Amino acid sequence: MSSFSSSLLHSYSCYKPPLEAKTKNLLPSISAAHHGKLSPPSTLVPFTTEPSPPLSQTPQKTVVELLDHSAPSQSGKLPNEENTSPFGPIGKSFDFDEEKRNIDLIGEENYRAHAVFVEMIEKNEPDDAMRVLDEMVRSGGLRPNVTTFTILVDSLCKKGRLRNAFGVLETMRSVGCEPAIRTYNCLVGGLCYVGRVEEAVELLNKLRKSPVSPDIYTFTLAIDGLCKVGRTDEAMELLEGATDVGLKPSSVTYNSLLNGYCKEGRPLEGLPLLEEMERSECDPDFISYSILLRGFLMWGETVAALEIYKKMRVRGFRSEERAMNTLLRGLCRQSMALMDGSEALKEGKELFERMISEGYKTSPYTYCLLVEALAKGDEIDDALAHLCKMAGGGYSPRMITCNAVFRILCKQGRVDDALHVLILMIERDSIPSSFSIILLLEEFTQQGRQLEALGVYGAAVKRGILPSQKSGIRTTRKLFRNLSSGEGEKAWGRGESCECHVVESTSSENL
């Protein structure tokens, strides 16, 4: 093993986190081991954190100049290019272990230098990696390849440091290392990441006219960038351009478009895309269906959301709990809003039962809406049963939910059941509306049960619910007129006792 290899191996094995140790010991050992001293300044673009002179130009001009005389690299593609994507959430990140294994026929010295470089990138320290790469270029004996440069470009783009990334691209060309399409993909993704979508699309268009042809990942990155800024129609044009040249969109490509349509409030326009995916070799995944399901629910398209949910079940996907609750609430609201909401209510009941059987947790608000929908859908028995089940399960029914059940029971003459609901509300410190109290008083009075009516009246007065409306006053007067003088004074004299009697006698029954 040469002295250079020994020194570099020692530097690599001693590589530790402190920046001072790396910059003082590691870099001199690489260059000094090969030349005996630090090499003189090079005419190449230096890898430093400060902007280099050639980088004073805009990134766009630099790329245009490079592409004007670009030529395809010898390999054309990097290892695993078909299965990975170079930037951020669009596909996978670099598999550094795989990159290390793919470095062959470059010599032991090159491998050790590359290993130090990759170690710094893995530790998210691109500045140190730039210094190491600078020394590799200056040494003359070390040969960084397209993979080495692309790893650094990718790391800089993910940090939003586009000026440095384009500087690395210029240095690649100056040392005779032609960028591959994966290198340009990193730059396209980086431009979209910092919001420079126009420049990303322009770079893509330049690539389409150059020998370095863009792949589906290049188009996907640009499509995703356009969709995130509300330009989904332009993104669709890019998709058509990709298919025209024979590229096959991936599920990531379609998902970006689906997400764009949903964010712009046009989720229905995403349905043709989903159908296209189902017809093609690119099957929709869980993310595809979830994007559309959330989009339909967000914009009130309950029927379409239900169809997407059914498709998900057929394909074996499990929806998110939050989406399930939102869908159930949408069905309940639809059943109450329509003149004939029986079909929506039926779907809502089936969905609720499925949620329970599959272990989903129903939120209190969702449960309350279901009870209201059942009550208003002439299924008062189920509504009352669910209301009591809610109370028994530790839920706190909303006052508007209790009032809805309470009023329908009173209108149907089921005063005993209505009294059960009233007790349920009192036990949970919930105050019924004065209108509900008036309905119960009227029903008790019509059935000749003045004593119970007076007990309810006392309970209402004690909690500050005064029937001040004309109908309430009229009902109260009628109640006292129907009582004999002696019976009325006796009942009113122990009004609080009457209230307790009604509450206790009713509470003893099984709700």
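The values are calculated or read from the model by the stated rules, or taken from the named source; none is laboratory data. Everything quoted here is computed from the prediction, not taken from an experiment. Note: ideal-geometry Cβ built from the backbone for every residue, glycine included; neighbour counts use all protein chains shown.
Any idea how many residues of segment 265-284 are surrounded by fewer than 17 Cβ atoms within 10 Å (Cβ to Cβ) and assigned to a loop (DSSP other than H, G, I, E, B)?
Of the residues in segment 265-284, 5 are surrounded by fewer than 17 Cβ atoms within 10 Å (Cβ to Cβ) and assigned to a loop (DSSP other than H, G, I, E, B).
Determine which single condition Met312 fails, assuming it passes every other condition in (1) surrounded by 22 or more Cβ atoms within 10 Å (Cβ to Cβ); (2) within 30 Å of Pro249 (Cα to Cα); (3) not β-branched (Val, Ile, Thr).
Met312 satisfies every listed condition except (1).
Being buried (at least 23 other Cβ atoms within 10 Å of the Cβ), of a type in the set (Gly, Ala, Ser), touching a helix residue (DSSP H, G or I) at 6+ places or on another chain (Cβ under 7 Å) and farther than 17 Å from Gln447 by Cβ: is that true of Ala418 here? Write out each step before concluding.
Numbers: buried (at least 23 other Cβ atoms within 10 Å of the Cβ): yes; of a type in the set (Gly, Ala, Ser): yes; touching a helix residue (DSSP H, G or I) at 6+ places or on another chain (Cβ under 7 Å): yes; farther than 17 Å from Gln447 by Cβ: no.
No; evaluated as a whole, the condition is false for this residue.
Taking the condition of being at positive phi and touching a helix residue (DSSP H, G or I) at 6+ places or on another chain (Cβ under 8 Å), how many residues in segment 141-183 meet it? Steps first, answer last, please.
Going through segment 141-183, the residues at positive phi turn out to be 160, 176.
Still in the running and touching a helix residue (DSSP H, G or I) at 6+ places or on another chain (Cβ under 8 Å): 160.
Counting residues in segment 141-183 that are at positive phi and touching a helix residue (DSSP H, G or I) at 6+ places or on another chain (Cβ under 8 Å) gives 1.
Sort out which residues of segment 422-446 are among the β-branched types (Val, Ile, Thr) and either in a loop (DSSP other than H, G, I, E, B) or more than 18 Å from Lys462 (Cα to Cα) (or both), and write them in order of number.
We begin by selecting, within segment 422-446, every residue among the β-branched types (Val, Ile, Thr); these are 423, 426, 431, 437-438, 445.
Result: Ile431, Thr445.
Tell me which residues, restricted to segment 205-221, are part of a helix (DSSP H, G or I) and within 17 Å of Glu178 (Cα to Cα). Walk me through it before giving the result.
Step one: list which residues in segment 205-221 are part of a helix (DSSP H, G or I), which gives 205-208, 216-221.
Residues satisfying the conditions are Lys206, Leu207, Arg208.
Have a look at Ala323, Ala373 and point out the one that is surrounded by 15 or more Cβ atoms within 10 Å (Cβ to Cβ), hydrophobic (A, V, I, L, M, F, W, C), in contact (Cβ under 8 Å) with a residue 24 or more places away in the chain and closer than 28 Å to Leu258 by Cβ.
Values: Ala373 fails: closer than 28 Å to Leu258 by Cβ.
So the residue among Ala323, Ala373 that is surrounded by 15 or more Cβ atoms within 10 Å (Cβ to Cβ), hydrophobic (A, V, I, L, M, F, W, C), in contact (Cβ under 8 Å) with a residue 24 or more places away in the chain and closer than 28 Å to Leu258 by Cβ is Ala323.
Here is a yes/no grid of residues against (1) closer than 27 Å to Gly265 by Cβ; (2) charged (D, E, K, R); (3) in contact with a Ser or Thr (Cβ under 7 Å, 6 or more places away or on another chain); (4) part of a loop (DSSP other than H, G, I, E, B):
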site: Gly300; (1), (2), (3), (4): yes, no, no, yes
site: Val303; (1), (2), (3), (4): yes, no, no, no
site: Gly316; (1), (2), (3), (4): no, no, no, yes
site: Arg329; (1), (2), (3), (4): yes, yes, yes, no
site: Arg333; (1), (2), (3), (4): yes, yes, no, no
site: Lys361; (1), (2), (3), (4): no, yes, no, yes
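Can you run down the residue pairs with Cβ atoms below 8 Å, 6 or more apart or on separate chains, where the first is in segment 108-127 and under 21 Å from Cys157 (Cα atoms) and among the polar types (S, T, N, Q) and the partner is buried (at least 20 other Cβ atoms within 10 Å of the Cβ) and at pLDDT 75 or above?
Asn124/Ser155
Considering only segment 332-345, I want to know if a residue exists there that is more than 20 Å from Leu292 (Cα to Cα), under 31 Å from the mean Cα position of the chain (by Cα) and surrounded by fewer than 16 Cβ atoms within 10 Å (Cβ to Cβ).
yes
Any residue that is in contact (Cβ under 8 Å) with a residue 40 or more places away in the chain, among the small types (Gly, Ala, Ser), surrounded by fewer than 24 Cβ atoms within 10 Å (Cβ to Cβ) and in contact with a Leu (Cβ under 9 Å, 6 or more places away or on another chain) - is there at least one of those in segment 433-455?
No, segment 433-455 contains no residue that is in contact (Cβ under 8 Å) with a residue 40 or more places away in the chain, among the small types (Gly, Ala, Ser), surrounded by fewer than 24 Cβ atoms within 10 Å (Cβ to Cβ) and in contact with a Leu (Cβ under 9 Å, 6 or more places away or on another chain).
Go through (1) touching a helix residue (DSSP H, G or I) at 6+ places or on another chain (Cβ under 7 Å); (2) over 24 Å from Leu422 (Cβ atoms) one by one and return the number of the condition Cys368 breaks.
Against the list (1) touching a helix residue (DSSP H, G or I) at 6+ places or on another chain (Cβ under 7 Å); (2) over 24 Å from Leu422 (Cβ atoms), Cys368 comes up short only on (2).
Which numbered condition trips up Tyr360, out of (1) surrounded by 13 or more Cβ atoms within 10 Å (Cβ to Cβ); (2) over 25 Å from Phe286 (Cα atoms)?
Tyr360 satisfies all of (1) surrounded by 13 or more Cβ atoms within 10 Å (Cβ to Cβ); (2) over 25 Å from Phe286 (Cα atoms) except (2).
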